[in-house]
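Each remark here refers to the structure printed beneath this line.
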Amino acid sequence: MAYTTIDDPSAHFQTALYTGNATNGKAITNDGNSDLQPDWVWIKCRSDTANHNCSDSSRGATKHLAQNIAGAEETVSGITGYNSDGFTLGTNGDSNGNNKTFVGWQWKANGGTTANQSGNIASVSQANTTSGFSIVTYTGNGGSGQSVNHGIGSAPEWVIVKRRNGSADWFVYHVSLGNTKHLHLNTTAAQSTTSDWGNTTPSALAFFVNNTATCIDGETYVAYCFAPVQGYSMFSSYTGNGGATAGPFVYLGFKPAWVLIKSAKDANGDGWHIMDNKREKTANPTVGKLFADSNQSEAASTAIGLDLLSNGFKVRATDGGLNRDNDIYVFMAFAESPFVTSTGIPTTAR
């Protein structure tokens, strides 16, 4: 059996760096090995304070949500379209401010083609079964333990749910926490006990929601669902050791392109750290700080960082943000390249 089914992760995930010009129609072109027409784009301004910008091809390019706030969906001229190898911007300052620097993280689903699903709740999914990713939209019915079919064909281990038509937190399910816990992507809060997932683990067919927050009658929702793919993605956790320089090594089975990490156990205000391989292309550790829960600009710190390695990452943090002693840290990670391709070719380190 081949080690991985995805030899070129850039066909499914890419990061783009660019400088804004406040001009409508600015096109951002990816530089990966494969062309990538994205279906979910997550933008953050690096050089200035600004909200995150979340857009996807199921809701429509101009339908904006911000990961760092609980606000309802808005129509803005941020991302205005998805191209065969990138995306197009409008004049919104959070996505295309003049002379400001930005990063755009992009995932491929199914090119905007959706399918109707019939769980307990009727949903519309757009799935990439190869990479284990789907975008799901649905309307809550007020029921308990309601199934929402996701279309991936394998069980998601990370699910992010956001109510669209009202102010509400971003609810996060993670396999390492189980079906009775949640985190909020837009806050620094520690894990809390919940029934939002219907006390049921996601299956190859569906994830589960409850009328407490993720299935309120008549409310509209979007969910981003991720199932692991060997050599391409992993959703797991590690335990911090508090070491000043010798933090945990986390084996992924691939060279990471993007890592999102959050303390689950401790309530010390530790945010959602985002690391990638583009903002610091060659150097380890990665010390450019961006947080999913914050509008702050990127800041470099020698106290927070990871070594991105050929087969995983090494925590180099000297504070509690990534390596508090005996704390649990959940993460999601996507590959730049598999550790070994399907033809047996190994990757190289940075």
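The values are calculated or read from the model by the stated rules, or taken from the named source; none is laboratory data. For clarity, every value in this text was computed on a predicted model and none was experimentally measured. Using ideal geometry, Cβ is built from the backbone for each residue, glycine included, and neighbour counts are taken over all protein chains shown. What goes into the accessible areas is simple: the full protein's heavy atoms, side chains included, and nothing from ligands, DNA or RNA. Shrake-Rupley method; radii C 1.70, N 1.55, O 1.52, S 1.80 Å.
Residues of the stretch 22-61 being closer than 20 Å to Asp85 by Cα and open to solvent by 50 Å² or more (accessible area, probe 1.4 Å), which ones?
Passing the criteria: Thr23, Asn24, Ala27, Thr29, Asp31, Asn33, Asp35, Gln37.
If you scan the stretch 121-131, which residues turn out to be open to solvent by less than 30 Å² (accessible area, probe 1.4 Å) and either free of Cβ contacts under 8 Å to residues at least 60 places away in the same chain or under 22 Å from the mean Cα position of the chain (by Cα) (or both)?
Listed by number, the residues that qualify are Ser123, Ser125, Gln126, Ala127, Asn128, Ser131.
Among the residues of the stretch 132-170, which ones are on the phi > 0 side of the Ramachandran plot and buried (at least 18 other Cβ atoms within 10 Å of the Cβ)?
Gly132, Gly151
Can you tell me how many residues in the stretch 234-260 are in a loop (DSSP other than H, G, I, E, B), over 14 Å from Ala335 (Cβ atoms) and either open to solvent by 40 Å² or more (accessible area, probe 1.4 Å) or touching a strand residue (DSSP E or B) at 6+ places or on another chain (Cβ under 8 Å) (or both)?
8
If you go through the stretch 261-300 one residue at a time, how many are open to solvent by 20 Å² or more (accessible area, probe 1.4 Å), in a strand (DSSP E or B) and modelled with pLDDT of 90 or more?
1
Checking Ser55 against (1) at pLDDT 95 or above; (2) out of contact with any helix residue (DSSP H, G or I) (no Cβ under 9 Å at 6 or more places or on another chain), only one condition comes out false. Which one?
(2) is the only condition that Ser55 fails.
Please state which of the following conditions Ser118 fails to meet, knowing it meets all the rest: (1) modelled with pLDDT of 95 or more; (2) surrounded by fewer than 19 Cβ atoms within 10 Å (Cβ to Cβ); (3) over 17 Å from Phe226 (Cβ atoms).
(1)
Within the stretch 97-115, which residues are over 12 Å from Tyr18 (Cβ atoms), open to solvent by 10 Å² or more (accessible area, probe 1.4 Å) and not polar (S, T, N, Q)?
Lys108, Gly111, Gly112, Ala115
Would you tally the residues in the stretch 213-233 being surrounded by 18 or more Cβ atoms within 10 Å (Cβ to Cβ) and part of a strand (DSSP E or B)?
8
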